[in-house]
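Input: a single structure, listed below in structure tokens.
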Amino acid sequence: MLIIRQEVSLLSCNTFGIPATASVFVESDNISELSEYVRSLSEPFSVLLLGGGSNVLFVSERCNTVIRPAIKGIELIEETDEDVLLRVGAGEIWDDFVSWCVKRNYCGVENLSHIPGTVGACPIQNIGAYGVEAKECIEKVEVINMANGQTIIFNNSQCVFNYRDSFFKQNKGKFLITAVQFRLSKQFEPNVRYEDLRLELSNYKHITVDNVRNGIIAIRSRKLPDYRELGNAGSFFKNPVISKETVEKIKKIDSSAPLYQASQEYWKISAAWLIQQCGLRGLRDGNVGVHERQPLVIVNYGGATGQEVFNFARKICDSVKAKFGVELEMEVNIV
Ligand code: NAP
């Protein structure tokens, strides 16, 4: 059913707990109804497409139209001895889907446990954690073209997935994701090359798909604040991908910098480490702060406005740039 409401508070629709209002708020669990609604819009590209609100910062106090797809369901489309193909509604909670898969021994998404947000949001920034990216198991992405309301199915290569990036991120607001198809293996092959995960799993007798999930939940629960207690949008900044030249500069400043080679020419560096080295861990300015346990997370201590958070984030970027010459990129969508 298509539900259209006017003057809706977005406070409970974003994990940062930032106040904002939508002039029109549209929700539906039906793809045809959503297509028809999109066709009726005179300015479809000015619409905000919202998922779980875990990666958004409302700097404007007002949005015109917000659409939140509430399409639910996990459907088994294909099954062989080796794998399964699942079609999952965009409105499903990502971590509920991961838990559902782990319970059935469908493997491939367990390293992505405990990432907040919806299934529909996962292809946009090609969520990734502990050496696994969503693109590795996404087979197809079903969307509504915001330009004309038509439904389209993208195959994996058409999604142009990259590090925390995709065709959908590059074309923000142009496609409304309605469902994602995942191919998951029935054979468990653990990916435990990340130090944190390897250490955590040394507490377990066996490495099972269940234990990988439990281990990651344990790490993330220790490191990350619960948005229900302290408003936040998870990692506020992307881990920067930097050139060899910048690597050399950083090594001169601090030879112990945690650097990981991403390709022949590029390296990844921990944004949390950069922020910490600038002495900003735990820094608080009024209602906003850098989280004590994970400097990549900006928190709302209560009553912060989006503009306050944004200004604070800019100051962090400026400090990192001044000390290391690295430009931090905000991962959170600024609206
Ligand atoms: P972390 O594990 O301290 O990693 C910091 C940075 O170092 C990341 O760029 C990570 O690459 C890289 N890295 C660490 N160990 C590596 C290894 N063995 N091989 C290659 N690269 C390595 O980061 P964290 O902040 O505690 O987060 C844990 C995981 O969750 C990370 O994988 C992080 O990227 C992920 N995460 C993802 C999202 C998202 O998708 N939106 C949000 C928050 C955190 P990668 O970034 O490629 O892992």
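A Cβ distance below 6 Å, combined with a sequence gap of six or more or placement on separate chains, defines the contacts here; from region 104-117, residues that are acidic (Asp, Glu) reach no residue that is surrounded by fewer than 22 Cβ atoms within 10 Å (Cβ to Cβ) and part of a loop (DSSP other than H, G, I, E, B). Number of residues in region 113-153 that are near the ligand (Cβ under 9 Å from one of its atoms), assigned to a strand (DSSP E or B) and crowded, with 21+ Cβ neighbours inside 10 Å: the value is 0. Output the residues belonging to region 193-211 that are in contact (Cβ under 8 Å) with a residue 60 or more places away in the chain and within 16 Å of the ligand (Cβ to nearest atom). ARG193, TYR194, ASP196, LEU197, listed by residue number.
Evaluate the following for ILE250: is it in the same structural domain as ASN300 (by TED's automatic domain parsing), within 18 Å of LEU296 (Cβ to Cβ) and open to solvent by less than 20 Å² (accessible area, probe 1.4 Å)? Yes: the conditions hold for ILE250.
If only residues of region 212-224 that are in contact with a strand residue (DSSP E or B) (Cβ under 9 Å, 6 or more places away or on another chain) and open to solvent by 20 Å² or more (accessible area, probe 1.4 Å) are counted, the one that is nearest to LEU57 (Cα to Cα) is LEU224. The strands (runs of 3 or more DSSP E) falling completely within region 25-105 that include 2 or more residues that are under 20 Å from GLU139 (Cα atoms) map to 74-79, 83-89. Working only within region 18-36, note down all residues that are surrounded by fewer than 20 Cβ atoms within 10 Å (Cβ to Cβ) and in contact (Cβ under 8 Å) with a residue 40 or more places away in the chain. Within region 18-36, PRO19, THR21, SER23, VAL24, GLU27, ASP29, ASN30, ILE31, SER35, GLU36 meet the criteria.
Residues of region 267-293 that are within 10 Å of the ligand (Cβ to nearest atom), without any contact (Cβ under 8 Å) to a residue 40 or more places away in the chain and small (Gly, Ala, Ser): SER270, ALA272. Within this structure, PHE236 fails the test of being more than 10 Å from the ligand (Cβ to nearest atom) and crowded, with 21+ Cβ neighbours inside 10 Å.
The values are calculated or read from the model by the stated rules, or taken from the named source; none is laboratory data. Bear in mind that the values here come from a model prediction, so they are computed numbers and not experimental data. So basically every Cβ, Gly included, is an ideal-geometry build from the backbone, and we count neighbours across all protein chains shown. Remember, those area values only see protein heavy atoms, side chains included, never the ligands or the DNA or RNA. Shrake-Rupley method; radii C 1.70, N 1.55, O 1.52, S 1.80 Å.
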